[in-house]
Amino acid sequence: MEKITAYLEENRQRNQDDLFELLRMASVSTDSQYESEVRRAGEWVADQFRGLGFDTELVETKGHPIVYAESPPVENAPVVHVYGHYDVQPPDPLNEWITPPFEPTERDGNVVARGATDDKGQMLTHIKSAQAWIESEGALPIQIKYVIEGEEECGSSNLDPFLQEYKERLSADIAVISDTSQFAKGQPAITYGLKGIVYFELYLEGPKQDLHSGTFGGGVSNPVNAITQMLGQLVDQYGRIQIPGFYDDVVELEAREREQFASLPFSEEEFKSKLGIEAVHGEQGFTTLERRWARPTCDINGIWGGYQGEGAKTVLPARAGAKFSSRLVPCQDPDKIREGVEQMLESLLPPGLKMELVHHHGAPGVVVSLDSPYMAAAAEAIEQGFGTKPVFIREGGSIPVVTAFRELLGIDTLLLGWGLDDDNTHSPNEKFSLDDYYRGTRASAHLWQELSKITRD
């Protein structure tokens, strides 16, 4: 690895220049006015692979293209997927950017630009590490199959069809994604668990029109009263979710997981201060990190109904609506939860009201065994790249492609985040530490070496 480490150090500025070049492309996938820039970014990524001699395709979809590239096979060595995306979030609001979003600027050791950490910078580390191997050693020690899409920020609607069509070509032993964060500055992490989700919209309809609350109050069911009462019963005063069968399949944390979480440098006081709250809240009997990462939740995401204008208007509203969701832990079945929600809300519906429950989407949670040899390889690589042992964490969010890899391709995913929680992803002044860009590339190069030591089944 000495030759590769030396190569990365010698080419640090070159790799940084390439990152800046990619960041100048306004590849906003959600806005049609940027369509040519999205394609330009996809072509640029494809050219990177072509320059390495990889078998490369720019796969057309109903939307933006997917870059697929694979290095030559290596006998008896694992086959690894790398997933990333070259599209970015819209830059709005533009007036809050200190410098233009698509003019990457170095500031305080960071590059500031839209897409810096989500996901151009992190994705590029896995290309530059392959380049280091090829230009230093002549070849990679494993085969890598890259899937770099251009629609992650607008729902990845064409990714699953691609995975289905290319299923045989995409066979692999493990996937790698860097689109998450370190636990803290200077403390890299491996995310080994993600929550799933079920999402609903609830509509209640009462009288044919808004009514005078003085004339009709006490004689007609109020949809706003009803929806708040119904949703208020989803979670009790102790933070326990009351949906029938909700906890049937919840797998309790192992003792070593709780010990690992407890050992992390997490300050509840700093957490409260950062969020501007006076107290934490949630299911009793669990710590804040346990609740955030490894316990299921249920939250109202939005609610509306009745008069919203200035001053008073004493109406009895004709209708009300709300959006709510549950974050699920591994082994919970989204369909079972949906059935429980329907059963519960139907039982709570007051007379005189009509109910419509819309089920938007659902995905199960994912957890990768801490005893996996791939996990051990990743931990060793990160320590070599960052000079610090990683911690093992879970995340409260959901990454649909991780579920897709497991369900469609039958492989687990290593989530190796090089970014930081304060990198302003999806916000103005998005940034990425240039040192972490370098360390992430170095860790990635070590990862290919460590994975090559694993014997395939």
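Odds and ends about this structure:
- Annotation note: Cβ proximity below 7 Å between a residue of the range 347-374 that is hydrophobic (A, V, I, L, M, F, W, C) and a residue that is at pLDDT below 95 and assigned to a loop (DSSP other than H, G, I, E, B) (sequence gap 6+ or interchain) occurs for 363/398; 366/330; 367/330.
- Taking (1) in contact with a Phe, Trp or Tyr (Cβ under 8 Å, 6 or more places away or on another chain); (2) part of a loop (DSSP other than H, G, I, E, B); (3) within 28 Å of residue 10 (Cα to Cα) in turn, residue 440 satisfies each apart from (2).
- Condition met for residue 358 (surrounded by 15 or more Cβ atoms within 10 Å (Cβ to Cβ) and in the same structural domain as residue 201 (by TED's automatic domain parsing)): no
- Here residue 443 clears all of (1) under 16 Å from the mean Cα position of the chain (by Cα); (2) in contact (Cβ under 8 Å) with a residue 60 or more places away in the chain except the condition numbered (1).
- Residue list for the range 122-159, filter: surrounded by 24 or more Cβ atoms within 10 Å (Cβ to Cβ) and under 20 Å from residue 92 (Cα atoms): 150, 152
- Test for residue 270: is it touching a Phe, Trp or Tyr at 6+ places or on another chain (Cβ under 9 Å), of a type in the set (D, E, K, R) and either over 25 Å from residue 216 (Cβ atoms) or exposed (fewer than 14 other Cβ atoms within 10 Å of the Cβ) (or both): no
- Counted residues, the range 178-216 - those being more than 30 Å from residue 319 (Cα to Cα), part of a loop (DSSP other than H, G, I, E, B) and more than 15 Å from the chain's Cα centre (by Cα): 3
- Residues of the range 44-60 that are part of a helix (DSSP H, G or I) and surrounded by 16 or more Cβ atoms within 10 Å (Cβ to Cβ): 44, 45, 46, 48, 49.
- Qualifying positions in the range 69-87 - part of a strand (DSSP E or B) and farther than 30 Å from residue 102 by Cα: 79, 80
- Of the residues making up the range 419-437, those that are assigned to a helix (DSSP H, G or I) and surrounded by 24 or more Cβ atoms within 10 Å (Cβ to Cβ) are 436, 437.
- Of all residue pairs spaced 6 or more apart or on separate chains, those with beta-carbon atoms under 6 Å, a first member in the range 219-238 that is part of a loop (DSSP other than H, G, I, E, B) and a second member that is of a type in the set (A, V, I, L, M, F, W, C) are 221/353; 222/316; 234/298.
- Scanning the range 339-354 turns up at least one residue that is in the same structural domain as residue 240 (by TED's automatic domain parsing), touching a Phe, Trp or Tyr at 6+ places or on another chain (Cβ under 9 Å), under 30 Å from residue 254 (Cβ atoms) and not small (Gly, Ala, Ser).
- Residue match in the range 149-161 (condition: of a type in the set (Ser, Thr, Tyr), farther than 19 Å from residue 43 by Cα and modelled with pLDDT of 95 or more): no
- Some residue of the range 286-294 being among the small types (Gly, Ala, Ser), part of a helix (DSSP H, G or I) and loosely packed, with under 15 Cβ neighbours inside 10 Å: no
- Filtering the range 310-332 to residues that are of a type outside the set (A, V, I, L, M) and either under 14 Å from residue 241 (Cβ atoms) or surrounded by 17 or more Cβ atoms within 10 Å (Cβ to Cβ) (or both) leaves 317, 319, 321, 324, 325, 326, 327, 330, 332.
- Selected residue (criterion: nearest to residue 124 (Cα to Cα)) from residues of the range 1-37 that are touching an Asp or Glu at 6+ places or on another chain (Cβ under 6 Å) and of a type outside the set (Ser, Thr, Tyr): 25
- Selection within the range 362-390 - small (Gly, Ala, Ser) and in a loop (DSSP other than H, G, I, E, B): 365, 369, 372, 387
- Single match in 213, 171 (criterion: under 24 Å from residue 350 (Cβ atoms), touching a residue at least 12 places away in the same chain (Cβ under 8 Å), surrounded by fewer than 20 Cβ atoms within 10 Å (Cβ to Cβ) and out of contact with any Asp or Glu (no Cβ under 7 Å at 6 or more places or on another chain)): 213
- Of everything in the range 18-36 that is more than 19 Å from residue 62 (Cβ to Cβ) and charged (D, E, K, R), the residue that is surrounded by the fewest Cβ atoms within 10 Å (Cβ to Cβ) is 21.
The values are calculated or read from the model by the stated rules, or taken from the named source; none is laboratory data. Quantities reported herein were computed from a predicted structural model and do not represent experimental measurements. We place every Cβ from the backbone using ideal geometry, glycine too, and count neighbours over all the protein chains shown.
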